Amino acid sequence: MALNGTLQERIEHFFAQGAEAVGNKDAEAAFLELRTALEAGTLRSAEPNASLPLGWRVNAWVKRGILLGFRLGQLAEMGCGESLSFVDKATYPARRFSASDGVRVVPGGSSVRAGAYVSKGVVVMPPAYVNVGAYVDEGTMVDSHALVGSCAQIGKRVHLSAAAQIGGVLEPVNASPVIIEDDCLVGGNTGVYEGTVVRQRAVLAAGTILTRGTPVYDLVKGEVYKASDESPLVIPEGAVVVPGSRSVTKGKGQEWGLSVTTPVIVKYRDEKTALSSALEDLLR
Ligand SMILES: CC(C)(COP(=O)(O)OP(=O)(O)OC[C@H]1O[C@@H](n2cnc3c(N)ncnc32)[C@H](O)[C@@H]1OP(=O)(O)O)[C@@H](O)C(=O)NCCC(=O)NCCS
């Protein structure tokens, strides 16, 4: 019986039970084990796997476990003192950190949800939100008004600038989350959604928006990158992407002289980019 099986077997078992699992102590125990492993970074909703075409494997069962947590959780009142009160699923309170975790969470309205992994050396500036299943690796800066959506995978030494929005992907469970690999700079007011993968060292200039439906024009290599049925949008390693526009070439759009916004790869990282994107080491 699944009750004595591996964590994956127990999660799959209780997830398949639907509403029947609510109130079941074994289901809660399995979920809490999953949540603890997510927070420790030993289990991830998606992880690097060089043998797969995208270089990442999605652990659909882990996402089912996260969804199980929402199903099992009753609404509970939370908060501190009399001034701040919140109501959320009891299974997903805000995470508590201690100095030994090595993560700085500056006071002022930031929240890291239970079930998120945040590595040592990460700085979270207020207000910012890190959702369940997210994985934020060493030395990354999550600046003010940034969102790290559910299951998003953020690499080492990434700078998520002010108001950068990294979309969450919980469902469908086999959908690849947004992935930002090591040493990327995600500029202010950018948006990366719908499973987009940003390869190592890429730079997204302020204001760039990437989705499944966004074609990206590479002026250096003369190629156009798009998501397909099999693959999300993938931004190549070291690409410098800026917000651009292109003319509408048919129909009313052409007649009216309209253009639509489109991200453009203007170059690949060079020394000048390194200067423009230098991180504030002193702040860390
Ligand atoms: C992308 C960025 C890092 C500049 O990189 P860079 O390597 O120094 O780029 P360059 O200045 O060499 O510019 C290369 C080309 O892209 C264009 N370009 C650069 N940044 C651009 C932008 N944000 N939007 C549109 N075009 C841009 C330049 O005009 C230049 O075009 P040209 O060759 O036709 O003259 C910078 O523009 C940026 O967006 N930084 C992030 C700022 C930010 O969000 N800070 C957050 C603080 S919390």
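The values are calculated or read from the model by the stated rules, or taken from the named source; none is laboratory data. Just so you know, these numbers come straight off a predicted model, no measurement behind them. All Cβ positions, glycine included, derive from the backbone under ideal geometry; neighbour counts span all protein chains shown.
With more than 21 Å from Trp56 (Cα to Cα), surrounded by 14 or more Cβ atoms within 10 Å (Cβ to Cβ) and not charged (D, E, K, R) as the only criterion, which of Ala227, Ala205 stands out?
Details: Ala227 fails: more than 21 Å from Trp56 (Cα to Cα).
Of the residues listed, the single one that is more than 21 Å from Trp56 (Cα to Cα), surrounded by 14 or more Cβ atoms within 10 Å (Cβ to Cβ) and not charged (D, E, K, R) is Ala205.
Report, by residue number, each residue of segment 70-115 that is in a loop (DSSP other than H, G, I, E, B), touching a Gly at 6+ places or on another chain (Cβ under 7 Å) and closer than 15 Å to Gly133 by Cβ.
Selection gives Thr91, Tyr92, Gly115.
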Cβ-Cβ under 6 Å, sequence separation 6+ or interchain: first residue in segment 162-185 and in the same structural domain as Pro127 (by TED's automatic domain parsing), partner assigned to a loop (DSSP other than H, G, I, E, B) and of a type in the set (Ser, Thr, Tyr). Which pairs? Ala162/Ser144; Ala164/Thr190; Gly167/Tyr193; Gly168/Ser150; Leu170/Ser150; Val178/Thr196; Leu185/Ser277
Which of (1) within 16 Å of the ligand (Cβ to nearest atom); (2) surrounded by fewer than 24 Cβ atoms within 10 Å (Cβ to Cβ) does Leu210 not meet, given it meets every other one? (2)
Any residue in segment 229-236 that is closer than 29 Å to Val124 by Cβ, within 14 Å of the ligand (Cβ to nearest atom) and assigned to a strand (DSSP E or B)? yes
Segment 126-155 - residue that is more than 13 Å from the chain's Cα centre (by Cα) and at pLDDT 95 or above and, of those, nearest to the ligand (Cβ to nearest atom): Asp143
Among (1) within 22 Å of Ala30 (Cβ to Cβ); (2) modelled with pLDDT of 95 or more; (3) buried (at least 18 other Cβ atoms within 10 Å of the Cβ) - the single one Arg71 does not satisfy: (3)
Residues of segment 1-57 satisfying the condition of being touching a Gly at 6+ places or on another chain (Cβ under 8 Å), of a type in the set (Gly, Ala, Ser) and either assigned by TED's automatic domain parsing to the domain that holds Gly195 or outside any helix (DSSP H, G or I) (or both): Ser45
Residue check: is Ala175 surrounded by fewer than 18 Cβ atoms within 10 Å (Cβ to Cβ) and away from the ligand (no atom under 16 Å from the Cβ)? yes
Take segment 251-267 and flag every residue that is away from the ligand (no atom under 16 Å from the Cβ) and either surrounded by 13 or more Cβ atoms within 10 Å (Cβ to Cβ) or under 16 Å from Ile209 (Cβ atoms) (or both). Gly253
Scanning segment 29-46 residue by residue, the ones that are touching a residue at least 60 places away in the same chain (Cβ under 8 Å) and surrounded by fewer than 20 Cβ atoms within 10 Å (Cβ to Cβ) total 3
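When you scan segment 185-207, how many residues do you find that are in a loop (DSSP other than H, G, I, E, B) and within 11 Å of the ligand (Cβ to nearest atom)? Write out each step before concluding.
The initial filter retains those residues of segment 185-207 that are in a loop (DSSP other than H, G, I, E, B), namely 187-190, 193-196, 199-202, 205-207.
From the residues that got through so far, the ones that are within 11 Å of the ligand (Cβ to nearest atom) too are 187-190, 202, 205-207.
The total comes to 8.
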Does any residue in segment 264-277 that is in the same structural domain as Gly238 (by TED's automatic domain parsing) come within less than 9 Å, Cβ to Cβ, of a residue that is among the aromatic types (Phe, Trp, Tyr) and more than 6 Å from the ligand (Cβ to nearest atom) six or more places away or on a different chain, and which pairs are these? Val264/Tyr217; Ile265/Tyr217; Ile265/Tyr225
Among the residues listed as Val216, Val248, Val242, the single one being surrounded by 11 or more Cβ atoms within 10 Å (Cβ to Cβ), among the aliphatic types (A, V, I, L, M) and away from the ligand (no atom under 16 Å from the Cβ): Val248
When you go through (1) assigned to a loop (DSSP other than H, G, I, E, B); (2) within 16 Å of the ligand (Cβ to nearest atom); (3) under 21 Å from Gly187 (Cβ atoms) one by one for Lys221, which number turns out not to apply? (3)
